[in-house]
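Shown next, in C-alpha cells, is the structure this report addresses.
The values are calculated or read from the model by the stated rules, or taken from the named source; none is laboratory data. Computed from a prediction, not measured in an experiment: that's the story for all the values here. Note that we place each Cβ from the backbone using ideal geometry, even for glycine, and neighbour counts take in every protein chain shown. SASA here: full protein model, heavy atoms, side chains in, ligands and nucleic acids out. Shrake-Rupley method; radii C 1.70, N 1.55, O 1.52, S 1.80 Å.
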Amino acid sequence: MKSRHSPVIFILILILGHLSFSNALALPPPNILWITIEDTSPIFIGAYGNNNAHMPNIDQLAREGVRFTNAFSTGTVCAPSRSTIITGVRTYELGTGHHRSEYAIPNDIKGFPYFLRQAGYYTSNNPKTDYNVGDPQSFIQEAWDASSSTADWRGRAPGQPFFSVFNFNESHQSRTMTWPYTKYESTVLPKLAPDEIIGDLDFPMPPFYRDSLDMRKQFARVYNSLSLTDKLVGQLLDRLQAAELLDQTIIFFFADHGEGVPRGKTNGIDLGYRVPFVIWFPTKYASWSPWGPGQVVSDELIDFEDLAPTILSLANAERPPYLKGRVLIGNNRSEPKSLVFLSNDRTDNGIDLVRSATDGRYMYSRNYMPFMPELRYINYAEISEIKQLMRDDYANGHLNELQSRGFKDRPTEFLFDLQSDPWETRNLVSDPLHLTVLKRMRTAIKQNLIKSRDVMLLPEYEIALIQQLIPPYTFRLDNTLYPINRIVQAADLSGKRGRSPAQQQIGLLTDQNKIVRYWAATGLRSQSRAILLDYRTQLTAALADDYPPVAIMAAATLYHAFALTSAKDALIRFARSDNAELALLTINSLLYTLRPEPFIAVVQEVSLKWPTTDAVGYACQDFLNKTGAAMSVLDVTKLQ
C-alpha cells in the first residue's frame, strides 16, 4: 500500500503516532542496526522493481519493512555524503563538499553517535568512516565505543542498548567498474553460487550505454556485486537472529549515494543521488512506525540530513541545535518536505559544482560549470575498462546521440521527469509544458543558496586558506566576510550562455570582491569564442588579477578561445604552483581545452612533484593519458 497522506490525514497520523509512541515509551530503548551498502541506486534492486536482480535478503527486508521510494543522499560520492550522515549537517554549510578534503569543522559539531553514548547507548562502527572532517581520529573516538573491522554489539554491557553500523563494500565502484575485470572475476564471482550469478545477457542495458557484448560484460558487475552484497547482508541478519536480538532491534538499510557507474556516482542527477532506503520494525516496536505495520511503501521525501535527528529521537537522546533535518519517527515527528536540496562538488581531481532540487518526481540540476561534461575526467573512473570502452566507442563514432551526450558540454540546467523517464534521457528545460515546474525549481535553488549561505561557492583555494583560521561553517555566517547575495548573483550567471550574461560577467571581472570576480571568470569559460571576441582586452587584463583563481580561469578562457601566448604562459606558471588547489584548478582546465599539446612537457614535470594518490597527481595522469603522453619509467628517469 502506498503512503500518500493529505494534510488532514497527516495531522491525524501525527496525533495518533504521538499517542502510540508515548505509550510505547514504557518499552526499553530499542537496539538500532544500520546496514549501509555502497554506490547503489534503487533501480537495480528487486524490491524496487528490477526483476533481473538477485537480492532475496534485501528484498525480504523491504517487503517486511517500510520501503521509501524518494530517499536521497545529499551528495554523489562517499566522503561528502558520509559527512552529512555522521554530523547531520549539509556539506555546503559545513564546508565538506569536496571529496576527502578533511577541512576543519566547529568543535561543537559532533558525530551524532556521541549523543547516543551520552544517552547510554553502546555505539559501534564496522568499518568504514571516511567522514571528511578535520582531525578525523579525535572525531571518530568521540563518536564510537568501537570502530574497526571487528566492531559490533558484543562489546556492550549487559542490557545496554546498542547502535551498530555495518558498511558493506561489495557493491562499491571498485567492484562494479574500477578494478581490472580479472580482479573482479577472482574476488566477487567465486563467492557466488551458480544460481546467484547474473549473466551478461540477463538484463536490459541502460539506454545511455552502447549495448555491446564488451559493455554487457562490464555492466554485469553491478548485478553480481549486489548479489554478493545481499548474501553478506543475509549473514548479518542471521547473526542478529542467532544472538536473539532481532526482536529488539530496529533496522535501517540504505546506500551511501547513487550508482557507482559512469553517469551515476559523481554526477549531479537522480542516478547519482537517489538511494534505496528501508526501515524495519520488529513486532515489539511495530507501534513506533508512523507509517503503520509492515509491507508499507512511502513516497515521502527524505535525505541524509534527516538521519541524525531521527536516530537521536528514537533513542530519546539530546538533539544539538545545529541539526535542521526532519525527525521521521517519534513524538517530535516532522511534517514531510515538498522539496529536498542536493549537491555535487569536487570528486578526486574532478572539479564541479552542481545544485539540485527534487520533489521526488522531477529532478532539477543547475550546472555552474557546464563546460565540463557529465562524464568529466576523474581518474578513478578513467582507469576503469568500462570508461575506456565508452571513450573508444565515442572516438570511433559507435555511440548514438544519447550515448554521446555524456562526453559533450552540459546544458546550464537539467530537468527530468523521473516518472516517465527514469533513465533521465529527456531534458525538459525547453519544454513549455514544464515551465511552471522549471521556474519553481530554479527559484528554490537560488533561494536555498542564500538561505543556507552555501560556503562551497568559494573556490577550494579559499576554503583551504580559511579553514586554517576558522571553520568554513562559521566563516560563512559573517556577511561582511561572505556577502552571500552578491556572490550568488555572480554565480547565478555562470553557465548561462549568450551576449547578455557575458556582458554582465565582464562587468563583474573588476568587482572589488574577489569571489565575485572568480565567478565572473569561471562563467566566461562557458561562453563561445564568437561572444568572447569583443572582450579579449578585459580578459587579458584579468590575467594580472591579484587573486590567483581569477587569473587561472581568465587564462583558461583566453587560451581555449584564442590560444593566446600570454594565457598559455599564465597556465604554465600556475600549473607549477606549490599550492595544490591552484595546480589542480589549472590542470583541470587543461583537460577541457581544444589545444592541450603545448602543456604536455610541463604536466609531465608537474606529475613528478605530486603523489599519484593526490588530486593533482590524478589530474596529471588523466591529462597525460588523454594526450597520449603517459610516461614510461625511462621517461621519468630522464626528467629527473
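Descriptive notes on the structure:
- Förster radius 22 Å - calculated FRET efficiency between L477 and E318, Cβ distance, rounded to 0.05: 0.45
- Under a 5 Å amide H cut-off, with hydrogens placed 1.01 Å from N, S298 pairs with S3, R67, F68, T69 among residues at least 5 apart or on other chains.
- Amide N proximity, the range 383-413 versus T612 label position 7 Å along Cα-to-Cβ, cut-off under 17 Å: 383-385
- Average accessible surface for the range 390-506: 50 Å² per residue, computed with a 1.4 Å probe over protein heavy atoms with every protein chain in place.
- Per-residue packing, averaged as other Cβ atoms within 10 Å, sorts the ranges 459-466, 528-535 into the order 459-466, 528-535, beginning with the highest.
- Computed per residue of the chain from DSSP H runs no shorter than four, each worth -39500 (n - 2.57), the mean residue ellipticity at 222 nm is -11500 deg cm²/dmol.
- Rounded Å value of the spacing that divides the Cα centres of the range 338-405 and the range 60-103: 19
- Dipole magnitude (debye, nearest 20) for the range 258-409, charges at Cβ of Lys, Arg, Asp, Glu: 340
- Among (1) 62, 35, 23; (2) 41, 28, 24; (3) 67, 38, 16, the entry derived from the coordinates for semi-axes √(5λ) of the Cα gyration tensor in Å: (2)
- When peptides 268-279, 570-581 are sorted by average Cβ neighbour count within 10 Å, with the highest value leading, the order is 268-279, 570-581.
- The length gained on full extension between K284 and K439, counted as 0.36 nm times the residue separation minus their Cα-Cα distance, comes to 51.1 nm.
- For a straight C-alpha distance cut-off of 24 angstrom, the lysines reachable from K568 (same-chain residues fewer than eight places away being disregarded) are K408, K514, K609, K626.
- Of the GluC sites (Glu not before Pro) in the range 194-263, the ones in a loop by DSSP (not H, G, I, E or B) with at most 11 other beta carbons within 10 Å are E244.
- Sites R239 and Y181, calculated FRET efficiency, Cβ-Cβ separation with R0 25 Å, nearest 0.05: 0.20
- Placing +1 on the Cβ of every Lys and Arg and -1 on the Cβ of every Asp and Glu, with nothing else charged, gives the range 197-279 a dipole about its Cα centre of roughly 340 debye.
- Per residue, the convex hull spanned by the alpha carbons of the range 118-204 comes to 179 Å³.
- Separation of the R573 and E605 label points, Cα + 7 Å toward Cβ, nm: 1.4
- The range 132-190, accessible surface, carbon-and-sulfur percent (1.4 angstrom probe): 49
- Computed magnitude of the charge dipole of the range 221-335 (debye, nearest 20; Cβ of K, R +1, Cβ of D, E -1): 180
- The GluC sites (Glu not before Pro) of the range 267-345 that DSSP puts in a loop, and whose beta carbon has at most 14 other beta carbons within 10 Å, are E318.
- In this calculation the C-beta distance from D108 to N400 is compared with R0 = 56 Å, giving a FRET efficiency of 0.60.
- Sorted on the mean count of surrounding Cβ atoms within 10 Å across their residues, most packed first, peptides 495-506, 386-397 read 495-506, 386-397.
- Accessible area per residue for the range 57-116, computed on protein heavy atoms with a 1.4 Å probe, is 22 Å².
- Annotation: amide H of V165 within the under-5 Å range of W34, S124, N125, N126, sequence separation 5 or more or interchain, hydrogens built in the peptide plane.
- Under the span-like rule (Cα at least 30 Å along the axis, Kyte-Doolittle mean at least -0.5), DSSP H helices of the chain: 213-242
- Annotation for the range 523-581 versus the range 191-243: alpha-carbon center distance of 47 Å.
- The orientation-averaged projected area of the convex hull spanned by the Cα atoms of the range 259-377 comes to 9.2 nm².
- Within the shell of other residues whose beta carbon sits under 10 angstrom from the beta carbon of I378, the net charge comes to 0, with Lys and Arg scored +1 and Asp and Glu -1.
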